[in-house]
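Undergrad: One structure is given below, represented as structure tokens, and several questions about it will come after.
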Amino acid sequence: MTKKIHLLLLFFSFFFVSHAQVHTSYLWHLHQPTYWGDVSKINPNRYQIVKESQDLKFSGANNDVNGLAHPTNNLQEIFGAGDRVAAYQFAPKNAINSIRDLPESGAQITYGGSLLENVNSLAQANQWGYNTTWIQNIKDAKAWKTSGNFPRMEMVSFTMHHALSPLMSDEALTKEIKAHQYYSTQLFGSHDSKGYWPAECAFSERIIKTLAECGIEWSVIANSHLARTLNNYPIKAGSGGSMCDYPNKADRIDTNGSNWFSAQKDARGGQFAVPYCYLPYKSKYIDPETGQEYKITVVPMADYESYEDGYAAIGTSIIAPIVAQASTAPRPPLVLFAHDGDNAWGGGSSYYNESVTNFSHAAASQGNIPTTIPQYLKDHPVSDADVVHVEDGGWVNADGDFGHPQFTNWLWPFYDSNYKFNPNGWTEDMMNQAITTAGENHAIMAEQLEGNNLRMSEIVSPTSAISPAEKAWHFLMAGYDSGNAYYGLAEDLEIKTTLAVNRCVEFAKPTLDAHPGVDNTKPSVFIPQRWPYNPGEKGYGAPYGYKEFLNSADFTVYTFAYDVSGVQKSELKYRIDTDGKNNLSSNHNETYAGGNEVGTWVTLPMTERIFPKGNITSNTQADLYMLPTVIANQYYAEIAGISEKLVDYYVEVTDKKGNVTKSKIQHVWVGKNLDVAPKITFEPASNYSATPIDVKITATDSNDPSPKVYYTTDGTTPTTLSTSFISTKTINITETTTFNILAIDADGNQSTATQKFSIGNISPITVYFKPLASWGIPKIYYWSALPSGAVPSITWAQSIPMTADANGWYKYTFAGVTSVNVIFRNQAGNIQSPDLTGITADKWFDSNYNNVTLSVSDPEIFKNDFILYPNPTYGTLKIDSKKIVSEAGVFDVKGALVSFQSVGRNQQIELGNLIPGTYIVKMITENRETIYKQVIKK
């Protein structure tokens with residue numbers, strides 16, 4: 001009888017082992033931010049935690065200049081909710097305890113560092129249902145072991161402040177992860193996990209090196225970003241398909257997926273290949289400077305299945321498509337249910353007390369194995385050779401983002417109504433990135449000046465011994481929380497990043513001031529973005545109103561850059577791949593040095609835009625009562641004329657001390673260029689010279705290396721009978737000359753261009769502005785004046801007060817320039833106009849920043865002690881004045897300069913060659929005074 005029992009046990013053992021189909025596990029993400037990161041009244045070396053913020057809010061000590069109490073959130077409602085009180089203290093432990101009879105079962109859990117601080121402060125005060133036993137609950141659950149001696153509660157590494165990892169610099173991400181690891185150790189006695197959960201499951205291979213240097217061996221990723229790299233990924237929009245831009249072909253690998261299935265709930269989900277999308281792999285990052293490889297294991301969370309588990313009870317039918325193909329997998333598939341553990345149904349009592357145990361036991365009864373990630377990886381190790389590519393992006397949960405590779409829900413792009421890049425765009429998301437980029441440079445510089453030996457203990461839990469750099473990082477890090485962008489303009493989120501950065505700059509200042517003129521710190525550069533994401537291919541998703549749109553193949557790369565000493569130049573580098581593929585077996589595309597699989601780098605200068613600090617859209621929801629002390633400038637350049645090529649690109653920024661930052665290399669497939677006409681360029685960039693110059697004219701084409709160029713300099717339109725050259729020509733000019741160009745490639749595609757080069761003296765440009773009375777005396781900031789060096793460069797702080805004219809108008813005159821960009825600012829410096837660019841003649845702007853045309857109703861602009869006669873005139877105007885006019889410009893009603901002439905001793909202006917109409921005459925006296933008169937030409 002005993003022998004029969006042993007045989008029966010062996011049979012059942014063999015049955016369950018041989019039919020073990022999939023492994024399942026959980027990851028519960030818990031987080032609350034630092035709700036008000038201003039200076040604590042209890043400990044002035046740190047920011048406030050929730051208990052103090054609540055007390056100060058109701059005492060009036062956190063009121064802003066307008067009397068509004070901060071934070072505006074209802075903290076008691078947030079933290080006092082019964083499900084959250086349970087989720088943060090004991091519910092996950094109880095759920096794991098309910099499945100401890102299953103030998104390998106357990107769960108992963110993440111506590112944001114700021115949540116740990118908040119819960120601990122409430123527990124210490126016995127407030128809103130929290131008490132000090134919560135720490136022991138975590139310790140107990142961590143101490144429970146699987147059959148393989150792994151913790152049943154795997155408390156994985158996270159960031160201190162829910163930072164979006166792929167959008168962070170290496171320095172900042174390292175600080176965030178190590179701060180979390182340190183604080184977790186302080187609370188729970190140890191932090192041994194080798195795993196990482198990136199906030200919003202937002203992953204990029206760019207962060208692998210930092211993860212490895214922080215001791216992390218595996219990271220969770222969203223399995224949709226494995227699916228989207230497969231060679232045969234089905235392109236489908238909307239229901240059952242993609243809710244964001246389609247995958248860019250630069251991310252495509254040679255591997256084909258099999259057994260595709262489509263699933264969505266509430267627009268979350270997509271298309272997945274089985275078993276490919278449910279298996280851990282290795283992923284690698286190549287240091288572009290050294291060529292060194294860094295690898296970690298990537299563990300896919302089940303995007304669709306996780307969303308289902310987070311919003312309702314599930315049965316084992318949800319894993320049936322994976323079970324059906326388990327036998328085809330090289331190792332058992334892993335279905336990881338990862339979602340918030342403190343929101344919606346997935347953070348409630350029914351979930352932790354019923355759903356977890358019901359599903360886990362039902363799955364186990366069918367031969368599946370509830371497990372933990374460390375247990376699985378020990379039993380089923382991933383070979384170092386099993387390397388895949390992971391597309392950038394987060395989980396599909398975020399509305400409007402749905403896993404977009406450029407994280408659009410946190411980084412809304414700049415585009416106009418025609419889906420072209422808008423260089424003057426503004427969103428609070430982008431503003432926050434510009435602010436943190438600038439603040440970070442102050443923190444890094446202070447750290448380097450203090451010897452690069454900061455103490456994590458002081459950064460996380462400051463004391464009176466804290467250094468300026470440690471204090472700067474402590475306050476700055478609270479501004480990295482991605483929730484500041486996720487929820488848009490809700491509550492007082494639009495100001496929290498500014499608060500964090502202003503405090504950072506303030507506290508870094510003593511160290512920077514102690515080392516005047518010393519700056520060995522590289523510029524801080526935000527990870528470059530591009531628009532459109534799929535150049536030359538169809539765009540789709542929220543920016544396009546969920547309709548397909550064929551993008552231009554020309555695309556713009558843009559970024560933010562800042563340096564304490566100022567940015568000298570920013571350049572975009574790009575090169576074209578030779579075979580159209582970025583092979584996993586080769587690293588030529590991943591290093592600056594490259595190889596025979598890529599071409600040489602092409603350099604494009606990037607245009608600088610002074611990024612506005614204020615609410616330039618006048619959005620009534622954005623209460624920007626506090627403006628940032630520092631902000632990074634925007635830099636952008638367009639890559640044009642490329643068709644059906646794989647392109648590598650990065651940005652290189654040099655500061656005024658010669659320090660250089662290179663961004664990490666990115667890749668883009670450029671589709672068919674429907675605008676294949678030749679591109680025409682002129683050199684030099686400046687269109688003015690006091691003396692004769694050589695002008696170089698160049699035509700380039702994506703297919704024809706030798707387009708033919710026809711040109712005229714007499715004002716006529718060029719034809720194929722005009723003077724011509726092949727591709728490029730240098731022409732010396734000794735007087736003001738306008739080139740009219742016609743370029744034709746071998747396929748007959750044509751393009752035209754016109755460029756005027758001025759030689760000799762330049763007539764001044766005067767900019768007029770009529771602000772609201774509340775502005776006080778307006779100030780003007782200018783940049784990118786041409787020719788370069790014609791006027792001195794100024795900083796934002798050096799904005800110049802304008803000169804009062806009549807009837808509320810103010811003016812500022814630029815001498816010796818042909819083009820300039822300006823911003824008007826109010827006297828207090830907290831209101832500003834949009835960027836007003838490309839000013840090449842006198843312009844008048846009203847209080848709405850509209851360019852207005854002068855009329856008889858604007859007599860205040862004109863001087864009454866000057867008389868032009870006869871007016872109207874048939875041709876010759878005589879000047880009657882005590883002052884001598886030396887030169888005059890004539891403008892049409894649209895503000896265009898139609899005539900410029902020197903005025904001789906006879907003090908006459910000739911209009912004989914102009915068509916009849918109304919004109920504005922601008923006269924410059926010998927002492928450089930400017931006078932305007934309106935005249936009528938018959």
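The values are calculated or read from the model by the stated rules, or taken from the named source; none is laboratory data. Note that the structure is predicted; figures quoted are calculated from it, not measured. All Cβ positions, even for glycine, are placed from backbone atoms using ideal geometry, and neighbour counts span all protein chains on display.
Undergrad: Any chance you could count how many residues in the stretch 738-766 are among the charged types (D, E, K, R) and either part of a loop (DSSP other than H, G, I, E, B) or over 29 Å from LEU897 (Cα atoms) (or both)?
TA: Number satisfying all stated conditions: 2.
Undergrad: Could you say which residue among THR72, THR132 is outside the structural domain of CYS214 (by TED's automatic domain parsing) and either in contact with a His (Cβ under 6 Å, 6 or more places away or on another chain) or among the hydroxyl-bearing types (Ser, Thr, Tyr) (or both)?
TA: After applying the criteria, what remains is THR72.
Undergrad: Give the stretch 326-339 a look and list any residue that's out of contact with any helix residue (DSSP H, G or I) (no Cβ under 6 Å at 6 or more places or on another chain) and either surrounded by fewer than 16 Cβ atoms within 10 Å (Cβ to Cβ) or closer than 25 Å to ASN397 by Cβ (or both), or say none.
TA: Across the stretch 326-339, the qualifying residues are SER327, THR328, PRO330, LEU336.
Undergrad: Answer with yes or no whether ASN830 is among the polar types (S, T, N, Q) and not assigned by TED's automatic domain parsing to the domain that holds MET802.
TA: The answer is no for ASN830.
Undergrad: Oh, and also: For ASN74, work out the one condition from (1) more than 31 Å from the chain's Cα centre (by Cα); (2) exposed (fewer than 15 other Cβ atoms within 10 Å of the Cβ) it doesn't fulfil.
TA: (1)
Undergrad: In the stretch 120-130, how many are surrounded by fewer than 17 Cβ atoms within 10 Å (Cβ to Cβ) and either aromatic (Phe, Trp, Tyr) or closer than 21 Å to SER190 by Cα (or both)?
TA: Summing the residues that are surrounded by fewer than 17 Cβ atoms within 10 Å (Cβ to Cβ) and either aromatic (Phe, Trp, Tyr) or closer than 21 Å to SER190 by Cα (or both) in the stretch 120-130 gives 1.
Undergrad: Could you list, in sequence order, the residues of the stretch 206-226 that are of a type in the set (Gly, Ala, Ser) and farther than 26 Å from LYS236 by Cβ?
TA: Result: ALA212, GLY215, SER219.
Undergrad: Considering only the stretch 519-544, how many residues are more than 23 Å from LEU674 (Cα to Cα) and at pLDDT below 95?
TA: 1
Undergrad: Taking PRO516 as meeting all but one of (1) in a loop (DSSP other than H, G, I, E, B); (2) at pLDDT below 95, write down the number of the exception.
TA: Result: PRO516 fails condition (2) only.
Undergrad: Within the stretch 459-478, which residues are of a type in the set (Gly, Ala, Ser) and more than 26 Å from GLN433 (Cβ to Cβ)?
TA: Those that are of a type in the set (Gly, Ala, Ser) and more than 26 Å from GLN433 (Cβ to Cβ): SER461, SER464, ALA465, SER467.
Undergrad: Restricting to the stretch 413-429, name every residue that is touching a residue at least 40 places away in the same chain (Cβ under 8 Å) and either under 29 Å from VAL390 (Cα atoms) or of a type in the set (D, E, K, R) (or both).
TA: Once the filter is applied, which keeps residues that are touching a residue at least 40 places away in the same chain (Cβ under 8 Å) and either under 29 Å from VAL390 (Cα atoms) or of a type in the set (D, E, K, R) (or both), the stretch 413-429 yields PRO413, PHE414, TYR415, TYR419, LYS420, PHE421, GLU428, ASP429.
Undergrad: Shifting gears a bit: Looking at ALA398 and the list (1) at pLDDT 95 or above; (2) buried (at least 21 other Cβ atoms within 10 Å of the Cβ); (3) of a type in the set (A, V, I, L, M, F, W, C), which single condition is not satisfied?
TA: Exception for ALA398: condition (1).
Undergrad: To continue, here is another question. Right, ILE693: of a type in the set (A, V, I, L, M), assigned by TED's automatic domain parsing to the domain that holds PRO528 and crowded, with 16+ Cβ neighbours inside 10 Å or not?
TA: When the stated conditions are applied, ILE693 does not pass them.
Undergrad: Further, regarding this structure: Return only the number of the condition from (1) part of a helix (DSSP H, G or I); (2) farther than 23 Å from LEU476 by Cβ; (3) of a type in the set (D, E, K, R) that ARG206 does not satisfy.
TA: (2)
Undergrad: Right, something else. Can you tell me which residue in the stretch 337-356 is nearest to VAL22 (Cα to Cα), limited to those that are within 32 Å of the chain's Cα centre (by Cα) and part of a loop (DSSP other than H, G, I, E, B)?
TA: GLY341
Undergrad: Looking only at the stretch 44-73, which residues are without any contact (Cβ under 8 Å) to a residue 40 or more places away in the chain and out of contact with any helix residue (DSSP H, G or I) (no Cβ under 9 Å at 6 or more places or on another chain)?
TA: PRO44, ASP55, LEU56, PHE58, SER59, GLY60, GLY67
Undergrad: Got at least one residue in the stretch 276-299 being without any contact (Cβ under 8 Å) to a residue 40 or more places away in the chain and closer than 21 Å to SER383 by Cα?
TA: yes
Undergrad: Which of the residues that make up the stretch 213-236 are surrounded by fewer than 21 Cβ atoms within 10 Å (Cβ to Cβ) and over 30 Å from GLY580 (Cβ atoms)?
TA: Residues satisfying the conditions are GLU213, CYS214, GLY215, GLU217.
Undergrad: Is there any pair linking a residue in the stretch 793-819 that is closer than 21 Å to THR629 by Cβ to one that is aliphatic (A, V, I, L, M) and in a loop (DSSP other than H, G, I, E, B), with Cβ under 6 Å and at least six apart or on different chains, and which?
TA: none
Undergrad: With the checklist (1) at pLDDT 95 or above; (2) within 24 Å of TYR111 (Cβ to Cβ); (3) not assigned by TED's automatic domain parsing to the domain that holds LEU167 in hand, flag the one item ASP309 doesn't pass.
TA: Single failed check for ASP309: (3).
Undergrad: When residues of the stretch 224-281 are filtered for being closer than 18 Å to ASN409 by Cβ and hydroxyl-bearing (Ser, Thr, Tyr), how many remain?
TA: 3
Undergrad: Within the stretch 62-83, how many residues are out of contact with any strand residue (DSSP E or B) (no Cβ under 9 Å at 6 or more places or on another chain) and either more than 30 Å from SER350 (Cα to Cα) or not polar (S, T, N, Q) (or both)?
TA: Within the stretch 62-83, residues that are out of contact with any strand residue (DSSP E or B) (no Cβ under 9 Å at 6 or more places or on another chain) and either more than 30 Å from SER350 (Cα to Cα) or not polar (S, T, N, Q) (or both) number 15.
Undergrad: Then there's this: Would you mind stating whether ALA690 is under 23 Å from LYS569 (Cβ atoms) and touching a residue at least 40 places away in the same chain (Cβ under 8 Å)?
TA: Spelling it out, it is not the case that ALA690 is under 23 Å from LYS569 (Cβ atoms) and touching a residue at least 40 places away in the same chain (Cβ under 8 Å).
Undergrad: Tell me whether the stretch 41-59 contains one or more residues that are touching an Asp or Glu at 6+ places or on another chain (Cβ under 7 Å), surrounded by fewer than 19 Cβ atoms within 10 Å (Cβ to Cβ), under 24 Å from GLY129 (Cα atoms) and at pLDDT 95 or above.
TA: Yes; the residues of the stretch 41-59 include at least one that is touching an Asp or Glu at 6+ places or on another chain (Cβ under 7 Å), surrounded by fewer than 19 Cβ atoms within 10 Å (Cβ to Cβ), under 24 Å from GLY129 (Cα atoms) and at pLDDT 95 or above.
Undergrad: Failed condition for ALA746, given (1) within 20 Å of ILE693 (Cα to Cα); (2) surrounded by fewer than 16 Cβ atoms within 10 Å (Cβ to Cβ), with all others met?
TA: ALA746 satisfies all of (1) within 20 Å of ILE693 (Cα to Cα); (2) surrounded by fewer than 16 Cβ atoms within 10 Å (Cβ to Cβ) except (1).
Undergrad: On to the next question. With the condition kept exactly as written, say whether any residue in the stretch 716-737 is crowded, with 18+ Cβ neighbours inside 10 Å, within 28 Å of SER902 (Cβ to Cβ) and not acidic (Asp, Glu).
TA: no
Undergrad: Another question about this same structure. Go through the stretch 357-384 and count every residue that is in a helix (DSSP H, G or I) and closer than 18 Å to SER98 by Cα.
TA: Qualifying residue count, the stretch 357-384: 9.
Undergrad: Also, I was wondering about something else. Tell me, which residue of the stretch 659-696 that is hydroxyl-bearing (Ser, Thr, Tyr) and not in a loop (DSSP other than H, G, I, E, B) is modelled with the lowest pLDDT?
TA: TYR688
Undergrad: Within the stretch 615-633, does at least one residue satisfy the condition of being surrounded by 16 or more Cβ atoms within 10 Å (Cβ to Cβ), of a type in the set (Ser, Thr, Tyr), assigned by TED's automatic domain parsing to the domain that holds PHE507 and touching a strand residue (DSSP E or B) at 6+ places or on another chain (Cβ under 8 Å)?
TA: no
Undergrad: If you go through the stretch 655-670 one residue at a time, do you hit one that is under 27 Å from GLY816 (Cβ atoms) and without any contact (Cβ under 8 Å) to a residue 60 or more places away in the chain?
TA: Within the stretch 655-670, none of the residues are under 27 Å from GLY816 (Cβ atoms) and without any contact (Cβ under 8 Å) to a residue 60 or more places away in the chain.
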